[in-house]
1. Name the residues in segment 297-323 that are hydroxyl-bearing (Ser, Thr, Tyr) and either without any contact (Cβ under 8 Å) to a residue 24 or more places away in the chain or part of a helix (DSSP H, G or I) (or both), would you?
2. Restricting segment 155-169 to residues that are over 41 Å from the mean Cα position of the chain (by Cα) and within 14 Å of the ligand (Cβ to nearest atom), which is nearest to Gln9 (Cα to Cα)?
3. Quick check on segment 490-508. Is at least one of its residues assigned to a loop (DSSP other than H, G, I, E, B) and surrounded by fewer than 20 Cβ atoms within 10 Å (Cβ to Cβ)?
4. From (1) over 22 Å from Asp605 (Cα atoms); (2) open to solvent by less than 50 Å² (accessible area, probe 1.4 Å), pick out the condition that doesn't hold for Arg520.
5. For segment 48-72, give me each residue that is farther than 24 Å from Ser200 by Cβ and either within 13 Å of the ligand (Cβ to nearest atom) or assigned to a strand (DSSP E or B) (or both).
6. Only one of (1) open to solvent by less than 10 Å² (accessible area, probe 1.4 Å); (2) charged (D, E, K, R); (3) assigned by TED's automatic domain parsing to the domain that holds Gly266 is not met by Arg358, so which one is it?
7. Mind listing whichever residues of segment 466-486 are surrounded by 18 or more Cβ atoms within 10 Å (Cβ to Cβ) and among the polar types (S, T, N, Q)?
Amino acid sequence: MSEEKFYYQTEAAELLKMMISSVYSNKDIFLRELISNASDALDKRRIECLKDSELAENTDPAITITSDPDAKTLSVSDNGIGMTRDELIQYLGTIAKSGTKEFLKAAKNDNAQNELIGQFGVGFYSVFMAASRVEVVTRKLGGADTFKFTSDGDGSFTITEAEQRSECGTTVTLFMRQDDNPEDGAKNYLDEWTIKGIVSKYSDFISWPIYFKDKIINSQKAIWQRPDSEITEEEYNEFYKHLTHDWRDPLTHIKINAEGSTNFKGLLFVPSEAPFDLFMNPESGGISLYINRVFIMNDCKDLIPGYLRFIRGVIDSEDLPLNISREILQDEPIIRVIRRSTQRKIFAEFRKLLENDRDNYIKLWLAFGKILKEGIIQDPEQAKTLLGISLFRTTDNDGWTTLAEYESRMKPEQKGIYCLAGRDNLAALKASPKLEPFTSRGYEVLLMTDPVDEVILSQANFILPEDAKDLLNIARDDVLPYSEDEKKANDEKLKELDADFEPLRKLALEAMPGKLETVRPSLTLTGSPACLRDAPGGMSLQMENLMRSAGQTPPVQKRTLELNASHPAVKKLVEMAGNNDPKTADILRVLYEQSMILEGAMPEDPAGFVKRIDDLMTLALRDG
Ligand code: ADP
């Protein structure tokens, strides 16, 4: 029989080395991983056989654990879908998981490496914590050949043809490490009670029977069918890990028990952190659909709106036909009912968490708030609810606030909620000159740092119900914290000033052709000399940046440069412009460029900007 030798990719080899040297971590999980894989393989076989009845083999699906203390071997066998030769190489020969590199980096910097490795979802590779050698013998459903994969966890593996398996499926045999000494506290994984203990702790809910010594050792009870009071937090966490292949505990779980015209049960989880690509493992992403406890499909997108795509879990209904397919799901009225009530339940649970466990809700918000907020735009019916459970940064404190909390602090004369969007950098947004007229008068402003916020602000009028407080974008120049009387008085003063500004305006428009709508004095800025304002209905600099980074060319935007009439530099500039001082144009340009920087944008001509600053410095130093 020919034998072929392969080498693991570098990351896999590195990870294997780490696995082997990890002494104190939770080794038990290797058995959980093997059982999970066997269970997935049985699910897949069931689905394949439904599609093609010719494939059905006349055996009862089962997972079998065998231990041989004399040979020091432990095996986990299933008669599931099995693997072809290519699949063996692809699935067991490469670590496809995204996040492996990041994990390795973290593990290297961390003294608690052993702890970490026990938590990282390395799946199949975890066997090398307990075994010095692994053999996998497998035959694919409907295939004729049986193959054997062997690895000593030393960076390479071999594939050979093997003796024909009588039925499809996979047997993983571990040759246990001899150096694991029970006297050092190492568990004996060949011991009956150890095996039973691990299965009942981590794999009890597996829906397929797990045999050990001809007896079934798991209850096979679907965890979502059991009363909440019977289930420990740990069981929920283990089920989540089985389902998602995440190695961390979930942030929270949500149980749904809907009875009435449509019956269904659900067990949903919010992960503790956003995965690197939001769907770390597409096969196990989203929500799995079960019909009457029978697994139907993973990642059932019709069960949940796109902006809740970070939620994982199971939904099980008795009311759906077993032969349902992905294609017809969307039009199935029961699915629509399930979707609506699931969504409602999720929002209610989020609200509860927000009210009762703010710290955890903040974690949820940090991880998934950006995604959840997409719903405000995409799902107008839910916009109000979603805004109600949204958290915002504010000028009032360093924490988070809800709209309701903001409203409770609002001054009586305030017509709406003052908001400023832009920059993904909170500290920079807090320094925006646009805040000055508001904060100097004691008004609180919400600071919005997600890209979707600008869209929310521009559409607030359409998406908010009549009775909701307006979201007022203070970047617009018609939003000011003044009473009508004050505004009138201001306008009058501005008119007087405007004549003095004429030479300055002319100079600026000439110096920066096509950039500026106009230049005008401002009485609202209190500290900064200048600030840029978008045209009403125009695009912000932040939006322009977003478009550019998406490869699009934004339409040309002309902005208004506001100059603080009481700022000494501006007063001097007005004078200089009146005297035709040649330095005026350059200083105006610097003010414009500085304002851009404060908006989070790069001056169009950075080298020119630096040169202008250099010249000004040289002048200042010479005169000083
Ligand atoms: P994960 O299970 O998280 O995908 P693993 O490293 O545990 O990662 O397994 C990698 C892949 O190998 C699985 O996704 C599956 O396709 C395949 N595999 C593992 N064990 C089995 C098995 N018992 N039967 C069939 N395929 C398996």
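1. Pass one, segment 297-323, residues hydroxyl-bearing (Ser, Thr, Tyr): 307, 317.
Correct list: Tyr307 only.
2. So in segment 155-169, the residues over 41 Å from the mean Cα position of the chain (by Cα) come out as 160-167.
Pick out the ones that are also within 14 Å of the ligand (Cβ to nearest atom) and you get 165, 167.
Values: Arg165: 30, Glu167: 32 Å.
Residue satisfying both the conditions and the ranking: Arg165.
3. no
4. Every listed condition holds for Arg520 apart from (2).
5. The first filter runs over segment 48-72 and keeps only residues farther than 24 Å from Ser200 by Cβ, leaving 48-59, 70-71.
Glu48, the sole residue that qualifies.
6. The one condition Arg358 does not meet is (1).
7. Asn473
A quick yes/no check of all residues on (1) at pLDDT 90 or above; (2) farther than 22 Å from Phe392 by Cβ:
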{"position": "Ala468", "(1), (2)": "no, no"}
{"position": "Asp477", "(1), (2)": "no, yes"}
{"position": "Pro503", "(1), (2)": "yes, yes"}
{"position": "Arg520", "(1), (2)": "yes, yes"}
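The values are calculated or read from the model by the stated rules, or taken from the named source; none is laboratory data. Everything numeric here is computed off the predicted structure, so don't read it as measured data. All Cβ positions, glycine included, derive from the backbone under ideal geometry; neighbour counts span all protein chains shown. Just so you know, the surface numbers come from the protein's heavy atoms only, side chains and all, with ligands and any DNA or RNA stripped out. Shrake-Rupley method; radii C 1.70, N 1.55, O 1.52, S 1.80 Å.
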